[in-house]
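The values are calculated or read from the model by the stated rules, or taken from the named source; none is laboratory data. These numbers come from a predicted model, not from an experiment. Heads up, the Cβs are rebuilt from the backbone with ideal geometry, glycines too, and the neighbour counts pull from every protein chain shown. Heads up: the accessible areas ignore ligands, DNA and RNA and are worked out on the full protein's heavy atoms, side chains in. Shrake-Rupley method; radii C 1.70, N 1.55, O 1.52, S 1.80 Å.
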Amino acid sequence: GTPFPQIHMADTKAKHKPSSDDQCVRCRNEAYLNPNMKLMSSQYCGHKFCESCVSSLFLNQKEVNCLVCGTPFKRNNLQSRDGPNQAMEQEIRLRKRILRDYNKRREDFETLKEYNDYLEEVEDIIYCLFNQVNIEEVKAKVEKYKQQNMNLITINQSKKAEEERNLLLKLQEDQLQQASKFTTSMLKPPSTRGAKAGQPSGPTPSTPLPSTPLTNGFGAENKGSG
């Protein structure tokens, strides 16, 4: 196939573009580049402000208008979200979207090396899309892959859905079995709970001691006088 473009760290820094998901709309600082930065989003419009800008905005007023859309909100209408968690959520959503189409399995390849190379290529795609590296070229590559593998993508999506259904049914079956065992054990009389198979329930009868003939203290039996 077409060789994947080489990734250089210099390109990553130069071509990374801020996204609305990790940037304060007031100061334009990025949470992705500032791990300690905390973002707060308005529950009315969703636009995000860093903690520092929030303090400045509400310094002398109780209500402000969003700098992007003009929607008014108060400080208690803001929901706190930190930058690293937002970046992680964004990457998870991107990964799910890519893996929905890049869903080839080990059996789709003749050798393990081909399969591992494929997995590495998928990770490169996710990295480039997340970090805005060669973005147009990568998007074109993804679309070409989807067109060339449309039938296999659909087949593997059906396989995965069937596996998930079977797994859910198995979990439900296990839960029902556990619930049935618990109910059965609770319906037993208290005296029979915990009794082992083959053993009688209830108290165990005491074993009688063997009878010992009376002696006179010298080892001889008392047979009576006379």
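Taking the stretch 90-104 only, how many residues are touching a residue at least 24 places away in the same chain (Cβ under 8 Å) and open to solvent by less than 100 Å² (accessible area, probe 1.4 Å)?
Adding up the residues that qualify gives 9.
Residues are listed down the side, and each one gets a yes or a no for (1) β-branched (Val, Ile, Thr); (2) under 25 Å from the mean Cα position of the chain (by Cα):
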position: 126; (1), (2): yes, yes
position: 129; (1), (2): no, yes
position: 137; (1), (2): no, no
position: 142; (1), (2): yes, no
position: 149; (1), (2): no, no
position: 153; (1), (2): yes, yes
position: 157; (1), (2): no, yes
position: 164; (1), (2): no, yes
position: 169; (1), (2): no, yes
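Scan the stretch 155-170 and report the pairs whose first residue is open to solvent by less than 90 Å² (accessible area, probe 1.4 Å) and assigned to a helix (DSSP H, G or I) and whose second residue is hydrophobic (A, V, I, L, M, F, W, C) and at pLDDT 90 or above, with Cβ atoms within less than 9 Å and a gap of 6+ or a chain change.
If the second residue must be hydrophobic (A, V, I, L, M, F, W, C) and at pLDDT 90 or above, no pairs are left.
When you scan the stretch 125-141, do you find a residue that is over 30 Å from residue 22 (Cβ atoms) and either in contact with a Gly (Cβ under 8 Å, 6 or more places away or on another chain) or surrounded by 13 or more Cβ atoms within 10 Å (Cβ to Cβ) (or both), even just one?
no
Which numbered condition in (1) under 20 Å from the mean Cα position of the chain (by Cα); (2) in a helix (DSSP H, G or I) is the only one that residue 103 fails?
If we test residue 103 against (1) under 20 Å from the mean Cα position of the chain (by Cα); (2) in a helix (DSSP H, G or I), just (2) comes out false.
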